[in-house]
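Read through the structure below, which is laid out as structure tokens, and then see the notes.
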Amino acid sequence: MSTQNETIDQTAAAAVPERIAQHRRYLMCRPEHFTVSYRINPWMEPTTPTDTAKAVAQWQELYDTYVSLGHEVELIDPVPGLPDMVYTANGGFIIDGRALGVRFRMPERSGEERPFMDWFAANGFEVIEPVEVQEGEGDFLLVGDTILAGTGFRSVGDSHRELADVFEREVISLRLVDPRFYHLDTAITVLDPVEGAGAAPRAGIAYLPSAFDAESQRVLAERYPDAIHVSDEDGAVFGLNAASDGRHVFMTPRATGFAAQLRERGYVPVPVDLSELLLGGGGIKCCTLELRGGR
Ligand code: ARG
């Protein structure tokens, strides 16, 4: 796949690594019942009108974009009365065909827990019922063999221990401090989940330093010295709520500085505008749950 952004300039091309797209399988939920009827994050304002048809059309563009770049997208049926179900990243966390369900902090979303676990079971995943409060891939991100886990607003610290027990992997706890960035996936983008593979320098992750407490910033800086640090402006438009296949980075068109940082490193920004879904406090990554393994 070649786009205008990737062409020409030989000198620049020599320095920029060639990024390889990896096949992805995602779970999405059409926002047929989308609205903002309660407020559980600072983005949500129930008195602001929402346009469900527009939400569906924008969501469809994301779906079509994934499919056009060769990814597979599975769908879970939306449930009336659960307007946040479109944010499937919060439906679970899946590695090697094993799906850890979620336990939402807010009662407004607890009705989603069972439908997601039922979907995983019906689609061949081994389902693990969670004990501690956590909101799935909204707060847990797989980078190589390591899981980065957020706390501070939604998922509790004890869920990180449970996560490590269930998946037998290293879990690094990170504390979020800015209420606008209440889930980890609003403050970190995993660009390339394969750590250290190949000769090309890999950024691995991009993040918004100011979303984290001092200790978490220290841990991230030490662990990911090549990471992209995203500006507060790009963070504030949910620039980091992006999905990547290792080459294409599906992201909001509003985060122009982040897009330039990505291009410098050989990634290809693919803009998709989900402005209507942002009224619920979610963006591209929130609408995307990665299905790893399972068949
Ligand atoms: N309204 C939803 C909530 O506050 C938005 C969830 C966004 N999801 C995410 N993965 N960041 O729970």
Quiz item: Could you count how many residues in the range 3-41 are β-branched (Val, Ile, Thr), assigned to a loop (DSSP other than H, G, I, E, B) and at pLDDT below 90?
Solution: 4
Self-check item: Lone unmet requirement of (1) closer than 30 Å to ARG169 by Cα; (2) touching a Cys at 6+ places or on another chain (Cβ under 7 Å) for PHE104
Solution: (2)
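Of all the residues that make up the range 42-67, how many are part of a helix (DSSP H, G or I) and polar (S, T, N, Q)? I'd like the intermediate steps shown before the answer.
First pass over the range 42-67, keeping only residues part of a helix (DSSP H, G or I): 52-67.
Right, trim to polar (S, T, N, Q) and you get 52, 58, 60, 65.
The total comes to 4.
Could you pull out the residue among GLU129, GLU135 that is within 16 Å of the chain's Cα centre (by Cα) and within 19 Å of SER159 (Cβ to Cβ)? Before you say what the answer is, go through the steps one by one.
On the way: GLU129 fails: within 16 Å of the chain's Cα centre (by Cα).
One residue alone meets the criteria, GLU135.
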Quiz item: Which residue out of ARG114, ARG105, ARG98 is closer than 19 Å to THR186 by Cα and surrounded by fewer than 22 Cβ atoms within 10 Å (Cβ to Cβ)?
Solution: ARG105
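Let me confirm something: among PRO225, PRO201, PRO193, which residue is more than 18 Å from ASN90 (Cα to Cα), of a type outside the set (Val, Ile, Thr), at pLDDT below 95 and buried (at least 20 other Cβ atoms within 10 Å of the Cβ)? Spell out how you get there, then give the answer.
On the way: PRO225 fails: buried (at least 20 other Cβ atoms within 10 Å of the Cβ); PRO201 fails: buried (at least 20 other Cβ atoms within 10 Å of the Cβ).
One residue alone meets the criteria, PRO193.
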Practice problem: Give the residue that is farthest from the chain's Cα centre (by Cα), with candidates limited to residues of the range 72-94 that are more than 14 Å from the ligand (Cβ to nearest atom) and surrounded by 21 or more Cβ atoms within 10 Å (Cβ to Cβ). | Solution: ILE76
Quiz item: Of all residues in the range 32-65, which are within 11 Å of the ligand (Cβ to nearest atom) and among the charged types (D, E, K, R)?
Solution: ARG39
Quiz prompt | Close pairs from the range 273-295: first under 17 Å from VAL73 (Cβ atoms) and away from the ligand (no atom under 13 Å from the Cβ), partner among the polar types (S, T, N, Q) and assigned to a loop (DSSP other than H, G, I, E, B), Cβ under 7 Å, at least 6 apart | solution = GLY294/ASN123
Quiz prompt | Test: PHE258 is crowded, with 24+ Cβ neighbours inside 10 Å, among the aromatic types (Phe, Trp, Tyr), in contact with a helix residue (DSSP H, G or I) (Cβ under 7 Å, 6 or more places away or on another chain) and outside any loop (DSSP other than H, G, I, E, B) | solution = yes
Quiz item: If you go through the range 144-163 one residue at a time, how many are at pLDDT 95 or above and either away from the ligand (no atom under 14 Å from the Cβ) or not in a loop (DSSP other than H, G, I, E, B) (or both)?
Solution: 13
Quiz item: Among (1) surrounded by 17 or more Cβ atoms within 10 Å (Cβ to Cβ); (2) assigned to a loop (DSSP other than H, G, I, E, B); (3) away from the ligand (no atom under 16 Å from the Cβ), which single condition is PHE120 missing?
Solution: (2)
Self-check item: Subset of the range 164-187 (residues that are more than 16 Å from the ligand (Cβ to nearest atom) and polar (S, T, N, Q))
Solution: SER173
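The values are calculated or read from the model by the stated rules, or taken from the named source; none is laboratory data. As the structure is a prediction and not an experimental result, all values here were calculated from the model. Glycine gets a Cβ as well: all are built from the backbone with ideal geometry, and neighbour counts include every protein chain shown.
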